[in-house]
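Novice: Attaching a single structure in structure tokens format; questions to follow.
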């Protein structure tokens, strides 16, 4: 197969070229490629490495929220070739058999489901070595902070020994339990309980300093505040090995969204103020924040239809993340498209240790994108707690190729 006349996103820049796909891999890159191959003219189309999500919740054991097979289908429609599953399933991912079960879930050929195991089990260190041997690529207590410093220190050492990523939900538990959103003008206006932004910075500082003597791959997920950003910068100056991601919703919303008490927007960590949001965008542009992770967290409509205080935290947007981000960041000239694509594809892949990108010999995992394609964002299946549905976007995911096979084509 030859993909002709595409605008390919290669090495963080756009190049007009052709791609030859053979046996599921990229066999040749060039201009005016010829041969007896099947030809697909993609003139006017952007072809990017498919997206990789560092942070996805599969509702195993809670299928009433969203069936895992639907989550995978939504990821494909959103342009993703790989997801990394968090351990807060039912039962949680704290044993080798649970890791194996998730890795063996039904999925299209070429789609990767990576697994993150839990750091703790019943307050003690989980079976990290066994989970690593079963194929876990990371450890985390996502949804909670690992409050016990000694246990977290031991987890860092296990992670270093087994080359695991440590995905850190950096949020001081005691401080977080005192509120629902960050303290500030909006918490005062709404009457919603506030907690200090220092909850994030304090957790980042403790975990980053513990890692100074270990040197594990520490990754702060869903970063949300200027204080957290500044703390990461300080730790990097000290020599701590640390990366970070940000969610689409923390880039697109600030805490004024809570004035409407819309439960679809109830997320943890909560949104910061406008200064926090602008700082996160700037950090994405400068690569201080390396990646965008969806934190796809589906819930049922009855759960989200409760009063704001009682509704669960979580936003489900993996199928619409790119289109919402394009409209909110690229169309408004806040973030170049090149940075957005890198943050969704090659940068998260690098953090996860994946070989990924448009290069000869790599798997042909590609997403096809069309700009200047006005439409209303929609999500046709699964959980409904998606705040972007019904909003306008001018870029569209047109298709997804996995290992050289088109597994999704947008019906025009």
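The values are calculated or read from the model by the stated rules, or taken from the named source; none is laboratory data. Quick caveat, the model's predicted, so the values are computed rather than measured. Here the Cβ positions follow ideal geometry from the backbone for every residue, glycine too, while neighbour counts run over all protein chains shown.
Novice: Could you list, in sequence order, all residues of segment 122-162 that are assigned to a strand (DSSP E or B) and surrounded by 16 or more Cβ atoms within 10 Å (Cβ to Cβ)?
Specialist: Residues satisfying the conditions are 125, 138, 139, 140.
Novice: Only one of 97, 91, 87 is without any contact (Cβ under 8 Å) to a residue 60 or more places away in the chain, crowded, with 18+ Cβ neighbours inside 10 Å and in the same structural domain as residue 219 (by TED's automatic domain parsing); which? Full working, then the answer.
Specialist: Details: 97 fails: crowded, with 18+ Cβ neighbours inside 10 Å; 91 fails: crowded, with 18+ Cβ neighbours inside 10 Å.
Residue meeting the stated conditions: 87.
Novice: Run down 48, 132 and say which single residue is under 20 Å from the mean Cα position of the chain (by Cα), modelled with pLDDT of 95 or more and more than 30 Å from residue 300 (Cβ to Cβ).
Specialist: Values: 132 fails: under 20 Å from the mean Cα position of the chain (by Cα).
It is 48.
Novice: Read through the list (1) part of a loop (DSSP other than H, G, I, E, B); (2) within 22 Å of the chain's Cα centre (by Cα); (3) closer than 20 Å to residue 5 by Cα, then give the number of the only condition that residue 389 fails.
Specialist: All conditions pass for residue 389, except number (3).
Novice: Next up: Going by what's in this entry, would residue 222 be described as closer than 21 Å to residue 327 by Cα and in a loop (DSSP other than H, G, I, E, B)?
Specialist: Numbers: closer than 21 Å to residue 327 by Cα: yes; in a loop (DSSP other than H, G, I, E, B): yes.
Spelling it out, residue 222 is indeed closer than 21 Å to residue 327 by Cα and in a loop (DSSP other than H, G, I, E, B).
Novice: In segment 1-36, how many are buried (at least 16 other Cβ atoms within 10 Å of the Cβ) and outside any strand (DSSP E or B)?
Specialist: So the count comes out to 3.
Conditions tested, residue by residue: (1) out of contact with any helix residue (DSSP H, G or I) (no Cβ under 8 Å at 6 or more places or on another chain); (2) under 23 Å from residue 265 (Cα atoms); (3) surrounded by fewer than 17 Cβ atoms within 10 Å (Cβ to Cβ); (4) not assigned by TED's automatic domain parsing to the domain that holds residue 247.
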{"residue": "357", "(1), (2), (3), (4)": "no, no, no, yes"}
{"residue": "369", "(1), (2), (3), (4)": "no, no, no, yes"}
{"residue": "378", "(1), (2), (3), (4)": "yes, yes, yes, yes"}
{"residue": "381", "(1), (2), (3), (4)": "no, yes, yes, yes"}
{"residue": "387", "(1), (2), (3), (4)": "no, yes, no, yes"}
{"residue": "393", "(1), (2), (3), (4)": "no, yes, no, yes"}
{"residue": "400", "(1), (2), (3), (4)": "no, no, no, yes"}
{"residue": "404", "(1), (2), (3), (4)": "yes, no, no, yes"}
